[in-house]
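The values are calculated or read from the model by the stated rules, or taken from the named source; none is laboratory data. Nothing here was measured: the structure is a model prediction, and the numbers come from that model. Positions of Cβ are backbone-derived with ideal geometry, glycine not excepted, and every protein chain shown enters the neighbour counts.
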Amino acid sequence: MRGFPLDIEPVIPMRFNDRWNVISPTDIPLVYTNPLGELGSRFGLGDIT
């Protein structure tokens, strides 16, 4: 493994109308990579789904 992934998965409820709620499980990957030569280490967001 060249880095350390961390997945944050908040559950976000949204009111659709008086009788319905929509629950959105969102996946937010955070990624840290070890130093790679001259580039050094990197930290960032992956694809949010």
Filter region 1-16 down to the residues that are over 12 Å from the mean Cα position of the chain (by Cα) and not hydrophobic (A, V, I, L, M, F, W, C), then identify the one that is surrounded by the most Cβ atoms within 10 Å (Cβ to Cβ). Gly3
Kindly provide the set of residues from region 22-42 that are more than 11 Å from Asp7 (Cβ to Cβ), modelled with pLDDT of 85 or more and in contact with a Ser or Thr (Cβ under 8 Å, 6 or more places away or on another chain), ordered by number. Tyr32, Thr33
Scanning region 17-34 residue by residue, those in a loop (DSSP other than H, G, I, E, B) and surrounded by 10 or more Cβ atoms within 10 Å (Cβ to Cβ) turn out to be Thr26, Asp27, Asn34
Scan region 17-33 residue by residue and report those that are within 9 Å of the chain's Cα centre (by Cα) and hydrophobic (A, V, I, L, M, F, W, C). Ile28, Leu30, Val31
